[in-house]
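The values are calculated or read from the model by the stated rules, or taken from the named source; none is laboratory data. Since the model is a prediction, treat every value here as computed from it, not as a measurement. We place every Cβ from the backbone using ideal geometry, glycine too, and count neighbours over all the protein chains shown. Ligands, DNA and RNA are excluded from the accessible area calculation, which covers all protein heavy atoms including side chains. Shrake-Rupley method; radii C 1.70, N 1.55, O 1.52, S 1.80 Å.
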Amino acid sequence: MSAVAAVGLGLAGCNSSPETPATETTTVAEGETVAADDVGGNPMVGGAEMLPTKNIVENASASGEHKTLVTAVKQAGLVETLSGPGPFTVFAPTDAAFVQVPPVTRDGWMRPAQKEVLAGVLKYHVVPGKVTAADLAARITEGGGKAVLKTVEGQDLTATKSGDAIILTSASGNKAAVTQADVNQSNGVIHVVDAVLVPKM
């Protein structure tokens, strides 16, 4: 139990004040978020073209900046789930986001004995259904400045706006900014985020 508690404590302060990216997205409020490097009709993530005909795991595996996430999904036994029909909305932390996690915690998650803890953290980044940036912005407006999302893990995730950026706040209090929204998949949508969101342990 102490190891699980340490996970929450080690990450509670991660990226508590994310900076709004200046070049990666356009205005979310208009519902037309487009990646700056989206030149061929399909967005580029981590140097790879994201194909809407491929599923979440296939596209994430192609991304050069989601290697840690893909490794974690395999370790947690979630490949089959996230390759399924869905649809799912995945807030996908980059490799840089995982680097912010204290090494002892990050390495601990990858141990076979911590498989359930790792699966819980990953499922906390997944919301049932396809929720676009425009949907999120609309829900935030309807909610008087915040939208509460129920994750597959079971706990809530809170979405707010800071300027044009969508900010997610975890149940344990750490924050992540959506740095690239609306990367469509055959089984849902990915929104790239700059921090690992941590549920209450």
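Data overview
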item	result
Full-stretch length increase - K130, D156 - with 0.36 nm per residue and alpha-carbon distance subtracted	7.7 nm
Probe 1.4 Å, protein heavy atoms only - accessible area per residue of the range 36-87 in square angstrom	50 Å²
Percent carbon-and-sulfur accessible area, the range 43-201, ignoring ligands, DNA and RNA, probe 1.4 Å	54 percent
Whole-Hz couplings from phi, Karplus 6.51/-1.76/1.60, listed for the range 169-181; x for Gly and Pro	10, 7, 5, 8, x, 7, 10, 9, 9, 6, 9, 8, 10
Backbone N under 18 Å from the K146 label point (7 Å along Cα→Cβ), restricted to the range 166-201	166-178, 197-201
Between the range 114-145 and the range 67-84, the Cα center-to-center distance that results, in Å	17 Å
The range 101-149 - accessible surface per residue (Å², probe 1.4 Å)	48 Å²
